[in-house]
Amino acid sequence: MPLPFHGRATGLLLLSLLFSWAADAASLKNILIIAGAAVDKTPLNGSRGGASVNRLGGFGSDIYYDRFENVFYGLTDRGPGGGTIRFATRVQKFTLDIDPVSGTAGKFNLIATIPLTIPAGKAVNGIAGPGGLNGIDPMLGAPDSNAQSLGLSLDAEGFVVAPDGHFYVSDEYGPSIYEFRPDGVFVRAFRTPGNLVPHDAAALNYSSLNSAMTVKGRQRNRGFEGLAISPDGTRLFALLQDPLADEGSIDPSCMTACTPPGRFSRNIRLVAYSTITGESVSQYIYPLEDLAGINARVPANPFSANAQGVNIGISALTAINDHEFLVLERDNRGFGIDDPTGSTPVSTKRIYRIDIAGATNVSGITLAGTNTLPAGVVPVGKKLFTDLLPQLITAEARVPEKIEGLTVGPRLADGTYELLIASDNDFSVTQNDLGMQFDVCTNGVTSQQVAIDAGCPDGMSLLPTFLFSFKTSPNEIELPSPINQLFTLLRDQDFSPISGRLTPRLRAAEKLMSNRRNGEACKIFQDLSRQTSKAKSIPLSQINRFDLGLNATQQALGCKTGN
């Protein structure tokens, strides 16, 4: 029987549960449960607040740990209502106390709510600022309300932080990638490869409403779900949630819901971008687990053939180094707004380790009309890293449908890493066929839909957000030193007055580190910190970011004051 939760709690933290496991690639240590009725730090400006204003929901769409600043970010998606109501897209910045020995997480502390906005003098998809990006579907979003234009619509699903502290956000509608300053102000948009752009039978169609009949490009509501950044910050990697609409072959036995062909395929595109040019540089194939293996775990309730490329998909991507990544792959079953008692058997909530080294660049290769790869096409290397489901079941924990956020957290005392995984609770809001929204309330055994923001009946509460803290096993992963990001930061034009002096010193420290002469390297880092503090011509924000990177590098190296 899964552990219950109930009541009318509105605080941030409902419960923290502790667990201990035998060795695995990653082992569950504890679970934080964030109340569904908790609120974020959005200014009310005289309003009463509510689900579409300041409810702290959906921020598990992706999470990211910023090693420089020792903070976490949680990304909200298009908001409550599935893109049918207006919601100012935002990022939640928070801290956790991670025990350096056990890897348990505690003391969730929301620091800031950062809206994603457009400044005056900038335009997004042809619409000039000032303004704010919004989760509403392109078909419904003023001022254009045109499915052939993205407008200000943003369904944010992937998030990373650049060496200079800027945000990169991936989106499902486009699928798009945008860059923002640390205060959430828009900087630029990356160029989406043409084969990913969605079309219906007649023209461009960016809508993800049920009425959208996508025949080419990304499937409806299946855009860039995962986003990762290379250790040096020069590459972004965006992974579609599912195969392209036109890349697959329809099963001849299919009777209903037989289009688009991509729903029968396993082959998802992973797109690499240059952060310098904003252009894609390569595409690779990530193969989903075969439906036969998935159904073998739920023989009494199997998925049909047309579920392969739509009900099974990826939810998150995080980099280990410049060629290896962790990928969160899941089915569409579990505890959530469509199953608030978690009664449907779940098959897949897994983390895979993948490697793009040796994979074929398929930028110029189409997979239309086939569910198998053409001869000579090599997909990414893939192996199971951790199966989340048995650990959650053994812990008698709720298994959320939308386990969507994944990030490698702090390095622990024994050289392993904390791994944080988050659920997306969809703001605990659902809607009917007429587009009316309702809050979903549950006690884990029964559920009830009530008018949005009306409050749950006694003994019930809104669906919470779950944060799962795992600890990696020894020697499973080793992240590169933060020094890589410092080199990238020094290449920024803001550092041009001093980069010629600092870069050789940083190279010398790197060489000392490789020779295990850590004490001498620590002295160089401390000297670099003194030098940058005297650099009056460099923007203070950049100096602060560089100092944070120096501190993170020294901590990873074990430097002590006075070395």
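Brief remarks on what is shown
- The strands (runs of 3 or more DSSP E) found wholly in the range 381-426 and carrying at least 2 residues that are more than 21 Å from residue 313 (Cβ to Cβ) and out of contact with any Lys or Arg (no Cβ under 7 Å at 6 or more places or on another chain) occupy 403-411.
- Condition met for residue 514 (within 35 Å of the chain's Cα centre (by Cα), closer than 20 Å to residue 411 by Cα and free of Cβ contacts under 8 Å to residues at least 12 places away in the same chain): yes
- Among the residues of the range 85-100, not one is in a loop (DSSP other than H, G, I, E, B), charged (D, E, K, R) and surrounded by 20 or more Cβ atoms within 10 Å (Cβ to Cβ).
- When the range 317-332 is limited to residues that are in contact (Cβ under 8 Å) with a residue 40 or more places away in the chain and surrounded by fewer than 19 Cβ atoms within 10 Å (Cβ to Cβ), the one that is nearest to residue 482 (Cα to Cα) turns out to be 321.
- Any chance residue 272 is crowded, with 22+ Cβ neighbours inside 10 Å, touching a Ser or Thr at 6+ places or on another chain (Cβ under 7 Å) and of a type in the set (A, V, I, L, M): no
- Listed by first and then second residue, the pairs linking a residue in the range 532-549 that is free of Cβ contacts under 8 Å to residues at least 60 places away in the same chain to a residue that is part of a loop (DSSP other than H, G, I, E, B), with Cβ atoms under 8 Å apart and 6 or more places separating them unless they lie on different chains, are 532/538; 543/535.
- Of the residues making up the range 112-129, those that are among the hydrophobic types (A, V, I, L, M, F, W, C) and over 19 Å from the mean Cα position of the chain (by Cα) are 118, 120, 123, 124, 127, 128.
- Evaluation of residue 395 against (1) at pLDDT below 95; (2) surrounded by fewer than 15 Cβ atoms within 10 Å (Cβ to Cβ); (3) among the small types (Gly, Ala, Ser) (one fails), failing number: (2)
- Residues in the range 333-359 that are in contact (Cβ under 8 Å) with a residue 60 or more places away in the chain and over 29 Å from residue 374 (Cβ atoms): 333, 334, 335, 336, 337, 338, 339, 340, 341, 342.
- Yes/no for residue 82 being closer than 20 Å to residue 241 by Cα, outside any strand (DSSP E or B) and at pLDDT below 95: yes
- Scan the range 108-141 for residues that are polar (S, T, N, Q) and at positive phi and the total you get is 1.
- There is at least one residue in the range 127-135 that is out of contact with any Leu (no Cβ under 9 Å at 6 or more places or on another chain) and in a loop (DSSP other than H, G, I, E, B).
- Pairs with Cβ under 8 Å, 6+ apart, first in the range 203-216 and at negative phi, second outside any loop (DSSP other than H, G, I, E, B): 205/199; 206/153; 214/199; 215/199; 216/199
- Matching residues in the range 67-90 - criterion: being of a type in the set (Val, Ile, Thr) and either more than 13 Å from the chain's Cα centre (by Cα) or within 22 Å of residue 485 (Cα to Cα) (or both): 71, 84, 85, 89
- Within the range 220-269, the residues that satisfy the criterion of being β-branched (Val, Ile, Thr), closer than 24 Å to residue 200 by Cβ and part of a loop (DSSP other than H, G, I, E, B) are 250, 256, 259.
- Within the range 1-53, restricting attention to residues that are among the basic types (Lys, Arg) and at pLDDT 60 or above, the residue that is surrounded by the most Cβ atoms within 10 Å (Cβ to Cβ) is 29.
- Residue match in the range 529-545 (condition: modelled with pLDDT of 90 or more, touching a Gly at 6+ places or on another chain (Cβ under 6 Å), under 25 Å from residue 408 (Cα atoms) and outside the structural domain of residue 445 (by TED's automatic domain parsing)): yes
- Count of residues meeting criterion [surrounded by fewer than 23 Cβ atoms within 10 Å (Cβ to Cβ) and more than 30 Å from residue 431 (Cα to Cα)] in the range 450-482: 10
The values are calculated or read from the model by the stated rules, or taken from the named source; none is laboratory data. Note that the structure is a prediction, hence the values are computed from the model and not measured. Here Cβ is always computed from backbone atoms with ideal geometry, including for glycine, and neighbour counts include all displayed protein chains.
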